[in-house]
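One structure is given here, and the rest of the page talks about it.
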Amino acid sequence: MWKKEAKLLAKGARKFLHYKRDLLKPDRIDEINSRREDLLDAIRAGNQDLVKEASKQLQATCENALPREAPLTWFEENVEVMFVAIVIALGLRAYYLQPFRIPTGSMMPTLNGITGYQKPEAEWPSAPSRVLEQIHRGRSYVKVINDRDRTLSPKGWVLGSSLDPREVCRDFQWMHFFSKSYLISLDAPPLRLPAPGGPMLDAGLKRALIEAYSQNDGVLKKGVVLAEGYIDTGDLVLVDKVSYHFRNPKRGEVFVFDTIENRGIHQSSGDQAAGSHYIKRLCGLPGDSLSVATPEVLNHGKILLEPGIQRVAHPAGKYAELNPSGYLLANPQGSRIPPRLMKPTDTLDLAARARPGMREYAALGDNTGNSLDSRYWGPVKEFNLVGPALFSLWPFSTSHWGFID
């Protein structure tokens, strides 16, 4: 037993030299080698007392070979642990799984986007109840008061007879996780809002803007309540960034793609689309020729029969509440560019033979009556694909928790 322990010590000393050679001074390296040879000679001689003494000498030499460092404080230890955790999380996000917050309602009821509701502060539940609602269902209560007089763009009112939020709000995403917006005016810095423009309009901002345009010549007065109510967060999903490296995308699955260099999206959506990510249902593959004959989506004149697509085409339950007529043609009213699928005779032809990364796919929202998708701005290039939406993580109160189909 003592020989085995001594041999392990000699082996450990050799590893110590290999791992720390760049930090050790030459004289220390020579001393460790000398002590190690002494130990090996003692082992070969079979003298237990000599081995015991040589082991003590070698161990002490190794322990004192490097300057002693002060032990880490509790704060330093926690910072180190957090740093390692962040590095691991970023690595997973970059190469394998990416969390993605759904900002809009284009995929409802399959997946929820961020929605806003008006509710006077006097009717809010107690603070503990609001905390529980935040944890359980992702609901946050907001009250935003205008901090100064702001002159709004004269274009903000009016696209047809409604408010065009793109002229007063600019959406942005941080790490594809937090979705916020800015209120834009002509004579003041942007005012940061706690949710994207659409939900903020529903939580009271639309009423405040209408009053500003109709009563104050487009000026939002200081102290005006811009929003008062609650915001329900969009579903937090995990995106599988690996699968498309090993298999082709499948028609009918829910997928995420970025909008980089997609001119159609940028022209139709405004500045808020730049660099953002969208989530839709993949309804067209390279080589397809899509058309819409309500309630169906057709490929080369044949009905698409994938289950996810058929749930929208022949709706029941919540699907019927949103879109009782199934898939609809694009509505040209309010579109900044002519839609691609506006008439039954229109087709969207997706390139199959193209240079790497340029093959084309079609993306349609399940909430077809309220989705800006390939019917409007056209195809998604292959290089824009991020991956299929894998799992809905949060909030827990919806029926969406679990794998996405």
For helix 127-137, report the angle its Cα long axis makes with the longest principal axis of the Cα atoms of the chain; keep it between 0 and 90° and round to the nearest 10°.
90 degrees
Can you tell me how much longer the chain between residue 66 and residue 343 gets when fully stretched, taken as 0.36 nm per residue apart minus their C-alpha distance, in nm with one decimal?
91.9 nm
Residues of region 303-335 with amide N under 11 Å of the 7 Å Cα→Cβ point at residue 370:
322-323
With Cα springs under 10 Å, the Gaussian network model of the chain assigns the largest mean-square fluctuation among 301, 198, 369 to 301
The chain - mean residue ellipticity at 222 nm from DSSP helices (-39,500 (n - 2.57) per run, n ≥ 4, rounded to 500):
-9500 deg cm²/dmol
In terms of Cα to Cα distance under 19 Å, which lysines are near enough to residue 25, apart from those fewer than 8 places away along the same chain?
15
Among 250/343; 180/280; 3/56, the pairs whose Cα-Cα distance exceeds 18 Å are 250/343; 180/280
Given H placed on each backbone N at 1.01 Å, which residues far from residue 288 in sequence or on other chains put an amide H within less than 5 Å of it?
350
Computed Rg/Rh of region 2-63, alpha carbon atoms with Kirkwood Rh
0.98
Please check: in the Gaussian network model of the chain (C-alpha springs, under 10 Å), which one of 38, 235, 346 has the largest mean-square fluctuation.
38
Is the shape of region 235-403 best called rounded, prolate or oblate, per the rule: a/c under 1.5 gives rounded, else a/b larger than b/c gives prolate, else oblate, with a ≥ b ≥ c the square roots of the Cα gyration tensor eigenvalues?
rounded
With the chain treated as a Gaussian network of Cα nodes joined by springs under 10 Å, which of 382, 37, 321 yields the largest mean-square fluctuation?
37
Around residue 363, which amide H atoms from residues at least 5 apart in sequence, or from another chain, sit under 5 Å from its own amide H, with H modelled in the peptide plane?
283, 374, 380
Helix 2-20: inclination vs the chain longest Cα principal axis, degrees, rounded to 10, gives 50 degrees
19 Å Cα-Cα reach of residue 381 towards aspartates and glutamates, excluding residues that sit fewer than 8 places from it in its own chain
240, 253, 258, 261, 288, 349, 360, 373
Based on the alpha carbon coordinates of the chain, what radius of gyration and maximum Cα-Cα distance (Dmax) apply, in Å?
31.3, 103
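Using a Förster distance of 60 Å, how high is the FRET efficiency between residue 117 and residue 27, based on the Cβ-Cβ distance and rounded to 0.05? Walk me through the numbers before you get to the answer.
Details: r = 75 Å, r/R0 = 1.25.
Efficiency for this residue pair is about 0.20.
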Contour minus Cα-Cα span, residue 396 to residue 216, at 0.36 nm per residue, comes to 60.4 nm
Which far-off residues, 5 or more places away or on another chain, put their amide H under 5 Å from the one on residue 393, with H placed in the peptide plane?
236, 237, 238
Estimated distance in nm for a label pair at residue 124 and residue 383, the labels positioned 7 Å out from Cα along Cα-to-Cβ:
4.7 nm
Relative contact order %, the chain, counting alpha carbon pairs below 8 Å whose residues are six or more apart
16 percent
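The numbers here are math on the coordinates, done by the rules we state, and not lab data. Small disclaimer: the values here were computed from a predicted structure and weren't measured. Neighbour counts are summed over all protein chains in view; Cβ atoms, including those assigned to glycine, are modelled from backbone coordinates with ideal geometry.
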